[in-house]
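Please read the structure below before turning to the comments.
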Amino acid sequence: MFSDLSVEDLETFVEMVQFRRYPKGAFIVNQNETGSVMYLLVSGRVKVSLASPDGKELALNYLEAPAHFGEMSLVDAGPRSADVIAVTDVELFSLDAKDLSAAIQLQPRLALSLIATLSSRLRQTITRLEDMAFHDATHRIMRVLLNVATASYESRGVPVVQGLTHYDIATLAGTSRETASRIISQLARDGVLATKGRRIVVDLIQLRELLETN
Ligand code: CMP
């Protein structure tokens with residue numbers, strides 16, 4: 001996003017941001033709080049999630065560096081829409097509202113990139129809503145596995161789900177850990193995926209076909 005800035009502009013940008021580190025498990029953003037900064041994730045992984053009053057969790061997304069979050073409250077002045085929790089140690093730059101406007105003047109591509117990210121998150125949320133309304137837990141678990149394994153294939157060339165427990169997969173699919181484990185075991189018996197230690201290797205073609213017919 002900033003690779004074509006001149007050294008001078010980069011220096012200006014660096015003065016706008018603050019470098020921050022959070023340990024694994026830290027809440028970086030709390031749902032419903034007022035937000036005055038957004039974050040650029042430099043290293044590590046965060047989980048965007050919602051908690052119900054009785055302690056249930058719905059994971060909205062996992063974000064890996066490079067990524068950004070916390071921009072919604074800056075743009076619409078509403079409260080934080082979700083919790084954002086560090087799932088590894090993370091390094092971030094924070095940027096406050098007035099500096100976001102200045103950063104956009106410095107690098108107009110930043111505005112387009114923010115809109116593109118919001119659009120793709122809205123698309124994902126529409127698909128989730130559709131799956132919640134029209135499909136069962138099996139379909140939703142398959143969708144999560146397909147999305148995560150496809151992203152891994154696109155970035156690393158291997159269609160695997162790793163770094164996510166069955167509980168994590170369940171919270172992304174809006175179901176229980178027991179249901180997620182049962183469905184993953186069945187998919188393994190059907191030869192659609194193979195579990196190797198804490199990695200799930202997915203046959204993307206078979207899983208996509210199954211999802212289209214289920
Ligand atoms: P904000 O509402 O300020 O604080 C929580 C942040 O979580 C939000 O900004 C977004 O950056 C991020 N967020 C909310 N929903 C999603 C989602 N579905 N996918 C990814 N990130 C999200």
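Being crowded, with 21+ Cβ neighbours inside 10 Å and assigned to a loop (DSSP other than H, G, I, E, B) is the filter here; which residues of segment 193-214 pass it?
none
For segment 139-161, check the following and say yes or no: at least one residue is aromatic (F, W, Y) and not assigned by TED's automatic domain parsing to the domain that holds S43.
Yes, segment 139-161 has at least one match.
How many residues are of a type in the set (S, T, N, Q) and in contact with a strand residue (DSSP E or B) (Cβ under 9 Å, 6 or more places away or on another chain) when one looks only at segment 171-192?
2
For segment 63-143, which helices (runs of 4 or more DSSP H) that fit wholly inside it have 2 or more residues that are more than 12 Å from the ligand (Cβ to nearest atom) and modelled with pLDDT under 95?
Numbers: elements: 71-76, 97-106, 109-134.
In segment 63-143, 97-106, 109-134 are the helices (runs of 4 or more DSSP H) which contain 2 or more residues that are more than 12 Å from the ligand (Cβ to nearest atom) and modelled with pLDDT under 95.
May I ask you to verify whether L204 is modelled with pLDDT of 95 or more, within 23 Å of A59 (Cα to Cα) and in contact with a Leu (Cβ under 6 Å, 6 or more places away or on another chain)?
Here the answer is no, as L204 does not meet what is asked.
Over 23 Å from V87 (Cα atoms) and charged (D, E, K, R), is that true of R177?
The answer is no for R177.
Kindly indicate whether Y39 is assigned to a strand (DSSP E or B), in contact with a Lys or Arg (Cβ under 6 Å, 6 or more places away or on another chain) and surrounded by 13 or more Cβ atoms within 10 Å (Cβ to Cβ).
Against the criterion (assigned to a strand (DSSP E or B), in contact with a Lys or Arg (Cβ under 6 Å, 6 or more places away or on another chain) and surrounded by 13 or more Cβ atoms within 10 Å (Cβ to Cβ)), Y39 does not qualify.
T117 - would you say it is under 28 Å from I205 (Cβ atoms) and assigned by TED's automatic domain parsing to the domain that holds F19?
Values: under 28 Å from I205 (Cβ atoms): no; assigned by TED's automatic domain parsing to the domain that holds F19: yes.
No: the conditions fail for T117.
Count, please, the residues in segment 45-62 that happen to be over 17 Å from K24 (Cα atoms) and more than 8 Å from the ligand (Cβ to nearest atom).
Total meeting the criteria: 9.
If you check V17 against the conditions, is it of a type in the set (V, I, T), within 13 Å of the ligand (Cβ to nearest atom) and not assigned by TED's automatic domain parsing to the domain that holds L145?
No, not satisfied.
The values are calculated or read from the model by the stated rules, or taken from the named source; none is laboratory data. All values derive from a computational prediction rather than experimental measurement. Methodologically, a virtual Cβ is constructed for each residue, glycine included, from the backbone with ideal geometry; neighbour enumeration extends over all protein chains shown.
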